[in-house]
Amino acid sequence: MDHKEGSYKVRDLGLADAGRLRMEWAETRMPVLKRLREEFSQTKPFEGYRITGCLHVTKETGVLIETFAACGAEVAWSGCNPLSTNDEVAAALAVAGIEIYAWYGMNTEEFYWCIDRTIDKPPHLTLDDGADLIFTVHNRHRHLADTIIGGSEETTTGVHRLRAMADDGKLLYPVYAVNDAETKWDFDNVYGTGQSTLDGILRSTSVLLAGKNFVVAGYGHCGRGVAMRAAGMGANVIVTEVKPTAALKATLEGHRVMTMDQAAEIGQIFVTATGMRDVIRGRHFAKMQDGAIICNTGHYDVELNLQELAEISSDTRMVRPDNREYTLDNGNRIFVLADGRLVNLAAAEGHPSEVMDMSFANQFMAHLNLIRAHESGGDLSPRIIDLPVELDQHIGAIKLETMGLSIDSLTEEQVAYESDYAAGT
Ligand SMILES: NC(=O)c1ccc[n+]([C@@H]2O[C@H](COP(=O)([O-])OP(=O)(O)OC[C@H]3O[C@@H](n4cnc5c(N)ncnc54)[C@H](O)[C@@H]3O)[C@@H](O)[C@H]2O)c1
(Lines give C-alpha, C1' and ligand atoms only; values in the text may rest on other atoms or scores of the structure.)
Protein backbone atom coordinates (compact mmCIF):
# COMPACT_ATOMS: atom_id res chain seq x y z
CA MET A 1 0.00 0.00 0.00
CA ASP A 2 1.35 3.47 -0.86
CA HIS A 3 0.64 5.97 1.91
CA LYS A 4 1.66 9.58 2.53
CA GLU A 5 0.31 11.14 5.72
CA GLY A 6 -2.21 13.90 5.05
CA SER A 7 -2.09 13.31 1.34
CA TYR A 8 -3.06 9.84 0.04
CA LYS A 9 -3.38 6.15 0.70
CA VAL A 10 -3.78 4.02 -2.41
CA ARG A 11 -2.91 0.46 -3.46
CA ASP A 12 0.13 1.15 -5.65
CA LEU A 13 1.40 4.41 -7.14
CA GLY A 14 3.01 2.34 -9.90
CA LEU A 15 -0.48 1.94 -11.42
CA ALA A 16 -0.75 5.69 -12.06
CA ASP A 17 0.10 5.63 -15.77
CA ALA A 18 -2.58 3.03 -16.47
CA GLY A 19 -5.04 5.11 -14.44
CA ARG A 20 -4.20 8.24 -16.40
CA LEU A 21 -4.94 6.39 -19.65
CA ARG A 22 -8.32 5.27 -18.28
CA MET A 23 -9.24 8.82 -17.29
CA GLU A 24 -8.14 10.18 -20.66
CA TRP A 25 -10.37 7.58 -22.32
CA ALA A 26 -13.35 8.53 -20.13
CA GLU A 27 -12.77 12.21 -20.85
CA THR A 28 -13.22 11.63 -24.59
CA ARG A 29 -16.77 10.38 -23.78
CA MET A 30 -17.67 13.19 -21.36
CA PRO A 31 -18.14 16.32 -23.49
CA VAL A 32 -20.61 18.06 -21.14
CA LEU A 33 -18.28 17.94 -18.18
CA LYS A 34 -15.41 18.95 -20.45
CA ARG A 35 -17.36 21.96 -21.58
CA LEU A 36 -18.05 22.99 -17.96
CA ARG A 37 -14.34 22.60 -17.23
CA GLU A 38 -13.40 24.82 -20.18
CA GLU A 39 -15.95 27.44 -19.16
CA PHE A 40 -15.14 27.65 -15.44
CA SER A 41 -11.41 26.95 -15.38
CA GLN A 42 -10.94 30.54 -16.60
CA THR A 43 -12.65 32.16 -13.60
CA LYS A 44 -11.93 29.40 -11.04
CA PRO A 45 -15.13 29.86 -9.00
CA PHE A 46 -14.12 27.14 -6.51
CA GLU A 47 -10.90 28.88 -5.45
CA GLY A 48 -10.71 28.94 -1.63
CA TYR A 49 -13.21 26.07 -1.25
CA ARG A 50 -12.46 22.55 -0.09
CA ILE A 51 -14.71 19.85 -1.54
CA THR A 52 -14.73 16.51 0.23
CA GLY A 53 -16.22 13.66 -1.74
CA CYS A 54 -17.18 10.07 -0.93
CA LEU A 55 -18.12 8.44 -4.22
CA HIS A 56 -16.98 5.38 -6.22
CA VAL A 57 -13.42 6.02 -7.47
CA THR A 58 -13.89 5.22 -11.15
CA LYS A 59 -12.32 6.75 -14.23
CA GLU A 60 -15.36 9.03 -14.61
CA THR A 61 -15.07 10.19 -11.00
CA GLY A 62 -11.44 10.98 -11.76
CA VAL A 63 -12.62 13.31 -14.52
CA LEU A 64 -15.07 15.01 -12.12
CA ILE A 65 -12.40 15.44 -9.43
CA GLU A 66 -9.98 16.98 -11.90
CA THR A 67 -12.74 19.25 -13.22
CA PHE A 68 -13.34 20.62 -9.70
CA ALA A 69 -9.58 21.01 -9.24
CA ALA A 70 -9.18 22.80 -12.59
CA CYS A 71 -11.89 25.22 -11.47
CA GLY A 72 -9.96 26.12 -8.34
CA ALA A 73 -11.18 23.64 -5.70
CA GLU A 74 -9.04 21.85 -3.15
CA VAL A 75 -10.37 18.28 -3.33
CA ALA A 76 -10.18 15.38 -0.86
CA TRP A 77 -11.79 12.05 -1.75
CA SER A 78 -12.63 8.56 -0.52
CA GLY A 79 -14.51 5.70 -2.20
CA CYS A 80 -18.10 5.04 -1.14
CA ASN A 81 -17.94 1.26 -1.35
CA PRO A 82 -15.20 -1.19 -0.26
CA LEU A 83 -15.30 -2.98 -3.64
CA SER A 84 -15.73 -0.17 -6.15
CA THR A 85 -12.39 1.64 -6.27
CA ASN A 86 -10.34 1.37 -9.42
CA ASP A 87 -6.79 1.22 -8.00
CA GLU A 88 -5.25 2.54 -11.20
CA VAL A 89 -7.41 5.67 -11.16
CA ALA A 90 -6.78 6.21 -7.44
CA ALA A 91 -3.02 6.04 -8.11
CA ALA A 92 -3.24 8.52 -11.00
CA LEU A 93 -5.15 10.98 -8.82
CA ALA A 94 -2.64 10.67 -5.98
CA VAL A 95 0.25 11.30 -8.39
CA ALA A 96 -1.63 14.34 -9.73
CA GLY A 97 -1.67 15.79 -6.20
CA ILE A 98 -5.28 15.01 -5.25
CA GLU A 99 -5.84 14.02 -1.62
CA ILE A 100 -7.26 10.53 -2.01
CA TYR A 101 -7.81 7.61 0.34
CA ALA A 102 -9.21 4.63 -1.56
CA TRP A 103 -8.33 1.09 -2.60
CA TYR A 104 -10.24 -1.96 -3.79
CA GLY A 105 -11.03 -4.55 -1.14
CA MET A 106 -10.83 -2.45 2.02
CA ASN A 107 -12.68 -3.55 5.16
CA THR A 108 -15.34 -1.54 7.00
CA GLU A 109 -12.91 -0.08 9.53
CA GLU A 110 -10.60 1.08 6.74
CA PHE A 111 -13.62 2.50 4.88
CA TYR A 112 -14.40 4.88 7.75
CA TRP A 113 -10.71 5.58 8.34
CA CYS A 114 -10.57 6.89 4.76
CA ILE A 115 -13.63 9.12 5.24
CA ASP A 116 -12.12 10.48 8.47
CA ARG A 117 -8.88 11.41 6.68
CA THR A 118 -10.78 13.46 4.08
CA ILE A 119 -12.32 15.59 6.84
CA ASP A 120 -9.21 15.98 8.99
CA LYS A 121 -9.16 19.39 7.35
CA PRO A 122 -12.68 20.93 7.50
CA PRO A 123 -14.55 20.88 4.17
CA HIS A 124 -16.74 23.67 2.79
CA LEU A 125 -18.74 21.29 0.60
CA THR A 126 -19.52 17.57 0.82
CA LEU A 127 -20.37 15.27 -2.08
CA ASP A 128 -21.90 11.88 -1.28
CA ASP A 129 -23.01 8.70 -2.97
CA GLY A 130 -24.95 6.81 -0.29
CA ALA A 131 -24.66 9.49 2.43
CA ASP A 132 -21.84 7.85 4.43
CA LEU A 133 -19.75 11.03 4.50
CA ILE A 134 -22.63 13.26 5.54
CA PHE A 135 -23.67 10.77 8.24
CA THR A 136 -20.07 10.70 9.50
CA VAL A 137 -20.16 14.49 9.81
CA HIS A 138 -23.57 14.43 11.54
CA ASN A 139 -22.83 11.52 13.89
CA ARG A 140 -19.19 11.96 14.83
CA HIS A 141 -17.94 15.39 13.73
CA ARG A 142 -20.93 17.71 14.16
CA HIS A 143 -18.74 20.77 14.71
CA LEU A 144 -17.70 20.56 11.03
CA ALA A 145 -21.27 21.36 9.98
CA ASP A 146 -20.80 24.92 11.31
CA THR A 147 -18.53 25.77 8.39
CA ILE A 148 -19.99 23.48 5.71
CA ILE A 149 -21.93 25.48 3.12
CA GLY A 150 -23.81 22.51 1.73
CA GLY A 151 -23.60 19.14 0.07
CA SER A 152 -24.98 16.89 -2.65
CA GLU A 153 -26.18 13.29 -2.86
CA GLU A 154 -25.80 11.09 -5.92
CA THR A 155 -28.01 8.06 -5.33
CA THR A 156 -31.61 7.06 -4.57
CA THR A 157 -30.90 5.34 -1.26
CA GLY A 158 -28.89 8.32 0.00
CA VAL A 159 -31.60 10.81 -1.00
CA HIS A 160 -34.30 8.70 0.74
CA ARG A 161 -32.34 8.72 3.98
CA LEU A 162 -31.46 12.39 3.81
CA ARG A 163 -35.10 13.33 3.17
CA ALA A 164 -36.05 11.33 6.29
CA MET A 165 -33.32 13.17 8.23
CA ALA A 166 -34.56 16.56 6.98
CA ASP A 167 -38.18 15.66 7.87
CA ASP A 168 -37.01 14.88 11.41
CA GLY A 169 -35.27 18.28 11.61
CA LYS A 170 -31.88 16.54 11.98
CA LEU A 171 -30.18 17.78 8.80
CA LEU A 172 -27.54 20.41 9.59
CA TYR A 173 -26.93 21.93 6.14
CA PRO A 174 -28.60 22.01 2.70
CA VAL A 175 -28.10 19.08 0.33
CA TYR A 176 -28.82 18.94 -3.39
CA ALA A 177 -30.67 15.75 -4.42
CA VAL A 178 -28.61 15.26 -7.58
CA ASN A 179 -30.14 11.79 -7.99
CA ASP A 180 -33.58 13.28 -8.55
CA ALA A 181 -32.59 15.44 -11.54
CA GLU A 182 -34.19 14.10 -14.72
CA THR A 183 -30.80 14.06 -16.48
CA LYS A 184 -29.54 11.82 -13.68
CA TRP A 185 -32.31 9.51 -12.49
CA ASP A 186 -33.90 8.85 -15.88
CA PHE A 187 -30.59 8.15 -17.61
CA ASP A 188 -27.87 7.05 -15.18
CA ASN A 189 -30.12 4.72 -13.14
CA VAL A 190 -31.94 3.32 -16.17
CA TYR A 191 -29.46 3.03 -19.04
CA GLY A 192 -26.29 3.20 -16.94
CA THR A 193 -27.33 0.54 -14.43
CA GLY A 194 -29.05 -1.44 -17.17
CA GLN A 195 -25.90 -1.88 -19.24
CA SER A 196 -23.27 -1.99 -16.51
CA THR A 197 -25.13 -4.56 -14.40
CA LEU A 198 -25.14 -6.96 -17.34
CA ASP A 199 -21.47 -6.09 -17.87
CA GLY A 200 -20.72 -7.11 -14.25
CA ILE A 201 -22.66 -10.35 -14.59
CA LEU A 202 -20.93 -11.25 -17.85
CA ARG A 203 -17.42 -10.43 -16.62
CA SER A 204 -17.85 -12.59 -13.53
CA THR A 205 -19.68 -15.51 -15.19
CA SER A 206 -19.43 -15.30 -19.01
CA VAL A 207 -22.79 -17.10 -19.20
CA LEU A 208 -25.24 -16.93 -22.07
CA LEU A 209 -28.12 -14.62 -21.19
CA ALA A 210 -30.37 -15.64 -24.08
CA GLY A 211 -33.04 -18.09 -22.98
CA LYS A 212 -32.34 -17.72 -19.26
CA ASN A 213 -35.05 -16.99 -16.68
CA PHE A 214 -33.70 -13.65 -15.47
CA VAL A 215 -35.31 -12.35 -12.27
CA VAL A 216 -35.18 -8.63 -11.50
CA ALA A 217 -36.29 -7.58 -8.01
CA GLY A 218 -37.54 -3.99 -8.06
CA TYR A 219 -38.94 -2.33 -11.17
CA GLY A 220 -37.90 1.22 -10.37
CA HIS A 221 -35.37 3.17 -12.42
CA CYS A 222 -32.51 0.69 -12.08
CA GLY A 223 -34.59 -2.47 -12.27
CA ARG A 224 -36.40 -1.26 -15.36
CA GLY A 225 -33.07 -0.60 -17.08
CA VAL A 226 -31.69 -4.02 -16.15
CA ALA A 227 -34.91 -5.75 -17.30
CA MET A 228 -34.90 -3.82 -20.60
CA ARG A 229 -31.30 -4.74 -21.41
CA ALA A 230 -31.63 -8.38 -20.27
CA ALA A 231 -34.72 -8.77 -22.49
CA GLY A 232 -32.70 -7.21 -25.32
CA MET A 233 -30.13 -9.98 -24.91
CA GLY A 234 -32.84 -12.62 -25.21
CA ALA A 235 -33.44 -13.41 -21.54
CA ASN A 236 -36.93 -14.22 -20.22
CA VAL A 237 -37.40 -11.48 -17.66
CA ILE A 238 -39.38 -12.04 -14.47
CA VAL A 239 -40.04 -9.08 -12.18
CA THR A 240 -40.79 -9.06 -8.45
CA GLU A 241 -42.15 -5.92 -6.83
CA VAL A 242 -43.94 -4.58 -3.76
CA LYS A 243 -45.49 -1.52 -5.44
CA PRO A 244 -48.63 -2.30 -7.49
CA THR A 245 -48.08 0.40 -10.15
CA ALA A 246 -44.45 -0.62 -10.69
CA ALA A 247 -45.58 -4.25 -11.09
CA LEU A 248 -48.24 -3.14 -13.58
CA LYS A 249 -45.66 -1.25 -15.64
CA ALA A 250 -43.49 -4.36 -15.72
CA THR A 251 -46.43 -6.45 -16.94
CA LEU A 252 -47.40 -3.97 -19.65
CA GLU A 253 -43.79 -3.76 -20.76
CA GLY A 254 -43.86 -7.47 -21.45
CA HIS A 255 -42.34 -9.07 -18.36
CA ARG A 256 -43.78 -11.78 -16.14
CA VAL A 257 -44.58 -10.64 -12.59
CA MET A 258 -44.65 -12.92 -9.55
CA THR A 259 -43.50 -13.12 -5.94
CA MET A 260 -39.92 -13.89 -5.03
CA ASP A 261 -41.05 -17.19 -3.53
CA GLN A 262 -42.43 -18.17 -6.95
CA ALA A 263 -39.51 -16.72 -8.91
CA ALA A 264 -36.95 -18.46 -6.68
CA GLU A 265 -38.05 -21.83 -8.04
CA ILE A 266 -37.62 -21.02 -11.71
CA GLY A 267 -35.03 -18.22 -11.88
CA GLN A 268 -31.55 -18.89 -13.24
CA ILE A 269 -30.09 -15.40 -12.77
CA PHE A 270 -31.29 -12.99 -10.04
CA VAL A 271 -30.56 -9.27 -9.72
CA THR A 272 -31.81 -7.11 -6.86
CA ALA A 273 -32.32 -3.39 -7.52
CA THR A 274 -34.57 -2.20 -4.71
CA GLY A 275 -32.61 -0.29 -2.05
CA MET A 276 -34.37 -2.62 0.45
CA ARG A 277 -32.90 -5.24 2.80
CA ASP A 278 -33.46 -9.03 2.74
CA VAL A 279 -35.10 -9.14 -0.69
CA ILE A 280 -33.60 -12.58 -1.27
CA ARG A 281 -33.20 -14.58 1.92
CA GLY A 282 -32.66 -18.08 3.24
CA ARG A 283 -36.01 -19.56 2.30
CA HIS A 284 -35.61 -18.26 -1.27
CA PHE A 285 -32.07 -19.65 -1.63
CA ALA A 286 -33.34 -23.01 -0.37
CA LYS A 287 -35.85 -23.20 -3.24
CA MET A 288 -33.44 -22.26 -6.03
CA GLN A 289 -32.24 -24.49 -8.84
CA ASP A 290 -28.73 -25.89 -8.91
CA GLY A 291 -26.42 -23.34 -10.56
CA ALA A 292 -28.48 -20.21 -9.89
CA ILE A 293 -26.53 -16.93 -10.18
CA ILE A 294 -27.35 -14.16 -7.71
CA CYS A 295 -26.26 -10.54 -7.58
CA ASN A 296 -27.25 -7.11 -6.37
CA THR A 297 -27.04 -3.72 -8.05
CA GLY A 298 -28.71 -1.65 -5.27
CA HIS A 299 -26.55 0.68 -3.24
CA TYR A 300 -25.96 -1.32 -0.07
CA ASP A 301 -25.04 -4.98 0.32
CA VAL A 302 -28.17 -5.72 2.37
CA GLU A 303 -30.49 -6.86 -0.43
CA LEU A 304 -29.19 -10.44 -0.38
CA ASN A 305 -29.20 -12.04 3.05
CA LEU A 306 -25.92 -13.90 2.71
CA GLN A 307 -25.84 -14.73 6.39
CA GLU A 308 -28.94 -16.90 5.92
CA LEU A 309 -27.39 -18.42 2.79
CA ALA A 310 -24.26 -19.32 4.76
CA GLU A 311 -26.43 -20.94 7.42
CA ILE A 312 -27.89 -23.42 4.91
CA SER A 313 -24.58 -24.04 3.12
CA SER A 314 -21.98 -26.68 3.83
CA ASP A 315 -19.16 -25.19 1.76
CA THR A 316 -18.08 -22.06 -0.09
CA ARG A 317 -15.21 -21.21 -2.43
CA MET A 318 -14.26 -18.61 -5.04
CA VAL A 319 -14.64 -20.08 -8.53
CA ARG A 320 -13.76 -16.96 -10.56
CA PRO A 321 -13.00 -13.34 -9.67
CA ASP A 322 -16.12 -11.83 -8.04
CA ASN A 323 -17.93 -15.19 -8.15
CA ARG A 324 -18.39 -17.25 -4.97
CA GLU A 325 -19.93 -20.71 -5.02
CA TYR A 326 -22.04 -21.84 -2.07
CA THR A 327 -22.82 -25.54 -1.80
CA LEU A 328 -26.10 -25.92 0.02
CA ASP A 329 -26.93 -28.65 2.49
CA ASN A 330 -29.38 -29.98 -0.17
CA GLY A 331 -26.48 -30.38 -2.62
CA ASN A 332 -27.38 -27.47 -4.92
CA ARG A 333 -24.77 -24.86 -5.83
CA ILE A 334 -25.52 -21.14 -5.82
CA PHE A 335 -23.15 -18.54 -7.24
CA VAL A 336 -23.08 -15.11 -5.59
CA LEU A 337 -21.38 -12.30 -7.48
CA ALA A 338 -19.26 -9.61 -5.83
CA ASP A 339 -20.31 -10.73 -2.32
CA GLY A 340 -23.66 -9.00 -2.83
CA ARG A 341 -22.16 -5.57 -3.41
CA LEU A 342 -23.11 -3.49 -6.48
CA VAL A 343 -22.14 -5.91 -9.21
CA ASN A 344 -21.73 -3.25 -11.88
CA LEU A 345 -19.00 -1.48 -9.92
CA ALA A 346 -17.40 -4.39 -8.08
CA ALA A 347 -17.19 -6.76 -11.07
CA ALA A 348 -17.14 -4.23 -13.93
CA GLU A 349 -16.35 -0.51 -14.30
CA GLY A 350 -19.63 1.08 -13.27
CA HIS A 351 -21.75 3.13 -15.63
CA PRO A 352 -20.45 4.04 -19.08
CA SER A 353 -18.71 7.42 -19.23
CA GLU A 354 -21.35 8.85 -21.59
CA VAL A 355 -23.98 8.43 -18.87
CA MET A 356 -21.83 9.70 -16.01
CA ASP A 357 -21.17 12.80 -18.11
CA MET A 358 -24.67 14.10 -17.32
CA SER A 359 -24.77 12.87 -13.72
CA PHE A 360 -21.50 14.61 -12.94
CA ALA A 361 -22.47 17.78 -14.81
CA ASN A 362 -25.37 17.91 -12.31
CA GLN A 363 -22.94 17.40 -9.42
CA PHE A 364 -20.73 20.20 -10.69
CA MET A 365 -23.66 22.59 -11.07
CA ALA A 366 -25.07 21.69 -7.64
CA HIS A 367 -21.81 22.74 -5.99
CA LEU A 368 -21.55 25.85 -8.12
CA ASN A 369 -25.09 26.79 -7.00
CA LEU A 370 -24.10 26.28 -3.35
CA ILE A 371 -21.10 28.59 -3.49
CA ARG A 372 -23.05 31.15 -5.53
CA ALA A 373 -25.76 31.15 -2.83
CA HIS A 374 -23.04 31.43 -0.17
CA GLU A 375 -21.41 34.39 -1.88
CA SER A 376 -24.66 36.21 -2.61
CA GLY A 377 -26.29 35.67 0.80
CA GLY A 378 -28.81 33.20 -0.65
CA ASP A 379 -30.93 30.71 1.28
CA LEU A 380 -28.71 28.01 2.74
CA SER A 381 -31.12 26.68 5.34
CA PRO A 382 -30.82 22.92 5.99
CA ARG A 383 -33.10 21.13 3.54
CA ILE A 384 -33.09 18.84 0.50
CA ILE A 385 -32.92 20.94 -2.66
CA ASP A 386 -33.93 19.82 -6.14
CA LEU A 387 -31.85 21.03 -9.05
CA PRO A 388 -33.75 23.57 -11.18
CA VAL A 389 -35.78 22.05 -14.02
CA GLU A 390 -34.18 24.52 -16.49
CA LEU A 391 -30.76 23.12 -15.58
CA ASP A 392 -31.94 19.64 -16.56
CA GLN A 393 -32.99 20.91 -19.96
CA HIS A 394 -29.75 22.88 -20.32
CA ILE A 395 -27.63 19.80 -19.58
CA GLY A 396 -29.84 17.70 -21.87
CA ALA A 397 -29.44 20.29 -24.64
CA ILE A 398 -25.63 20.32 -24.37
CA LYS A 399 -25.60 16.52 -24.43
CA LEU A 400 -27.73 16.44 -27.58
CA GLU A 401 -25.54 19.06 -29.23
CA THR A 402 -22.37 17.09 -28.45
CA MET A 403 -24.07 14.05 -30.02
CA GLY A 404 -24.67 16.08 -33.17
CA LEU A 405 -28.46 15.92 -32.77
CA SER A 406 -30.88 18.80 -33.37
CA ILE A 407 -34.44 19.13 -32.14
CA ASP A 408 -37.31 21.48 -32.89
CA SER A 409 -38.30 24.39 -30.65
CA LEU A 410 -41.78 25.73 -30.03
CA THR A 411 -42.95 28.68 -32.14
CA GLU A 412 -44.42 31.74 -30.39
CA GLU A 413 -47.90 30.55 -31.38
CA GLN A 414 -47.24 27.13 -29.89
CA VAL A 415 -46.03 28.63 -26.62
CA ALA A 416 -49.20 30.77 -26.46
CA TYR A 417 -51.37 27.74 -27.33
CA GLU A 418 -49.88 25.74 -24.47
CA SER A 419 -51.27 28.12 -21.85
CA ASP A 420 -54.47 29.11 -23.67
CA TYR A 421 -57.24 27.92 -21.35
CA ALA A 422 -59.93 29.38 -23.63
CA ALA A 423 -59.05 27.13 -26.56
CA GLY A 424 -61.28 24.11 -27.11
CA THR A 425 -62.46 21.79 -29.84
N1 LIG B 1 -25.63 0.06 -9.29
C2 LIG B 1 -25.59 1.36 -9.48
O3 LIG B 1 -24.65 1.90 -10.06
C4 LIG B 1 -26.73 2.20 -9.01
C5 LIG B 1 -27.07 3.38 -9.72
C6 LIG B 1 -28.16 4.12 -9.27
C7 LIG B 1 -28.87 3.72 -8.15
N8 LIG B 1 -28.48 2.59 -7.48
C9 LIG B 1 -29.19 2.09 -6.29
O10 LIG B 1 -30.16 1.12 -6.75
C11 LIG B 1 -31.26 1.06 -5.84
C12 LIG B 1 -32.57 1.31 -6.63
O13 LIG B 1 -32.56 2.63 -7.15
P14 LIG B 1 -33.74 3.16 -8.10
O15 LIG B 1 -33.33 4.51 -8.55
O16 LIG B 1 -34.10 2.12 -9.08
O17 LIG B 1 -34.94 3.28 -7.01
P18 LIG B 1 -36.49 3.33 -7.32
O19 LIG B 1 -37.11 3.91 -6.08
O20 LIG B 1 -36.76 3.97 -8.62
O21 LIG B 1 -36.91 1.77 -7.45
C22 LIG B 1 -36.85 0.83 -6.41
C23 LIG B 1 -37.99 -0.17 -6.65
O24 LIG B 1 -37.81 -1.29 -5.77
C25 LIG B 1 -39.10 -1.69 -5.33
N26 LIG B 1 -38.95 -2.50 -4.09
C27 LIG B 1 -38.71 -2.08 -2.83
N28 LIG B 1 -38.64 -3.12 -2.00
C29 LIG B 1 -38.84 -4.23 -2.74
C30 LIG B 1 -38.87 -5.62 -2.45
N31 LIG B 1 -38.70 -6.10 -1.21
N32 LIG B 1 -39.10 -6.49 -3.49
C33 LIG B 1 -39.27 -6.05 -4.75
N34 LIG B 1 -39.25 -4.73 -5.07
C35 LIG B 1 -39.04 -3.84 -4.10
C36 LIG B 1 -39.84 -0.38 -5.11
O37 LIG B 1 -41.24 -0.57 -5.08
C38 LIG B 1 -39.37 0.42 -6.32
O39 LIG B 1 -40.24 0.26 -7.43
C40 LIG B 1 -30.97 2.12 -4.78
O41 LIG B 1 -30.32 1.52 -3.70
C42 LIG B 1 -30.03 3.07 -5.50
O43 LIG B 1 -29.27 3.84 -4.59
C44 LIG B 1 -27.45 1.81 -7.90
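The condition of being surrounded by fewer than 21 Cβ atoms within 10 Å (Cβ to Cβ), under 19 Å from L387 (Cα atoms) and out of contact with any Asp or Glu (no Cβ under 7 Å at 6 or more places or on another chain) holds for only one of R140, R161, that being R161. Go through segment 194-218 and report how many residues are open to solvent by 10 Å² or more (accessible area, probe 1.4 Å) and of a type outside the set (A, V, I, L, M). The number of residues fulfilling the criteria is 8.
Looking across segment 201-229 at every residue that is more than 8 Å from the ligand (Cβ to nearest atom) and basic (K, R), the one that is farthest from H160 (Cα to Cα) is identified as K212. Selection within segment 1-53: residues that are among the β-branched types (V, I, T) and within 26 Å of the chain's Cα centre (by Cα). The member of this set that is most open to solvent (accessible area, probe 1.4 Å) is T28.
Within segment 162-186, if we keep just the residues that are among the charged types (D, E, K, R) and near the ligand (Cβ under 10 Å from one of its atoms), the residue that is nearest to A373 (Cα to Cα) turns out to be D180. Within segment 291-312, can you find the residues that are assigned to a loop (DSSP other than H, G, I, E, B) and free of Cβ contacts under 8 Å to residues at least 40 places away in the same chain? Of everything in segment 291-312, those that are assigned to a loop (DSSP other than H, G, I, E, B) and free of Cβ contacts under 8 Å to residues at least 40 places away in the same chain turn out to be V302, N305, I312. Exactly one residue out of A338, A286 is within 16 Å of the ligand (Cβ to nearest atom) and either under 23 Å from K212 (Cα atoms) or in contact with a Gly (Cβ under 9 Å, 6 or more places away or on another chain) (or both): that is A338. Restricting attention to segment 134-161, and to residues there that are in a helix (DSSP H, G or I) and among the aliphatic types (A, V, I, L, M), which single residue is nearest to the ligand (Cβ to nearest atom)? Among them, the one singled out is V159.
For T327, the conditions (1) more than 15 Å from the ligand (Cβ to nearest atom); (2) more than 30 Å from G48 (Cα to Cα); (3) open to solvent by 50 Å² or more (accessible area, probe 1.4 Å) are fulfilled apart from (3). When segment 234-267 is limited to residues that are outside any helix (DSSP H, G or I) and surrounded by fewer than 17 Cβ atoms within 10 Å (Cβ to Cβ), the one that is farthest from the ligand (Cβ to nearest atom) turns out to be G234. For R117, are the conditions met, namely being out of contact with any helix residue (DSSP H, G or I) (no Cβ under 9 Å at 6 or more places or on another chain), open to solvent by 10 Å² or more (accessible area, probe 1.4 Å) and farther than 24 Å from G298 by Cα? Taking the combined requirement at face value, the residue satisfies it.
For segment 247-267, check the following and say yes or no: at least one residue is modelled with pLDDT of 95 or more and closer than 29 Å to L55 by Cα. No, segment 247-267 contains no residue that is modelled with pLDDT of 95 or more and closer than 29 Å to L55 by Cα. Sub-7 Å Cβ pairs linking a first residue in segment 164-184 that is part of a helix (DSSP H, G or I) to a second residue that is among the acidic types (D, E), at least 6 apart or interchain, are V178/E153; V178/E154; N179/E153; N179/E154; D180/D386; E182/D392; T183/D392, ordered by first then second residue. Scan segment 310-318 and give yes if some residue there is touching a strand residue (DSSP E or B) at 6+ places or on another chain (Cβ under 9 Å), closer than 28 Å to G192 by Cβ and open to solvent by less than 60 Å² (accessible area, probe 1.4 Å), otherwise no. The answer is no; no qualifying residue exists. Residues that are in a helix (DSSP H, G or I) and either under 16 Å from D12 (Cα atoms) or of a type in the set (G, A, S) (or both) within segment 60-92 comprise G62, A69, A70, D87, E88, V89, A90, A91, A92, listed in sequence order. Restricting attention to segment 281-309 and to residues that are open to solvent by 40 Å² or more (accessible area, probe 1.4 Å) and among the aliphatic types (A, V, I, L, M), the residue that is nearest to A347 (Cα to Cα) turns out to be V302.
Determine, yes or no, whether L198 is under 30 Å from D290 (Cα atoms), outside any strand (DSSP E or B), within 12 Å of the ligand (Cβ to nearest atom) and without any contact (Cβ under 8 Å) to a residue 60 or more places away in the chain. Yes; evaluated as a whole, the condition is true for this residue.
The values are calculated or read from the model by the stated rules, or taken from the named source; none is laboratory data. Worth saying up front: this structure is predicted, and the values here are computed from it rather than measured. Neighbour counts run over all protein chains shown; Cβ positions are idealised from the backbone, glycine included. Please note that ligands, DNA and RNA were not included when accessible areas were found on the heavy atoms of the full protein model with its side chains. Shrake-Rupley method; radii C 1.70, N 1.55, O 1.52, S 1.80 Å.
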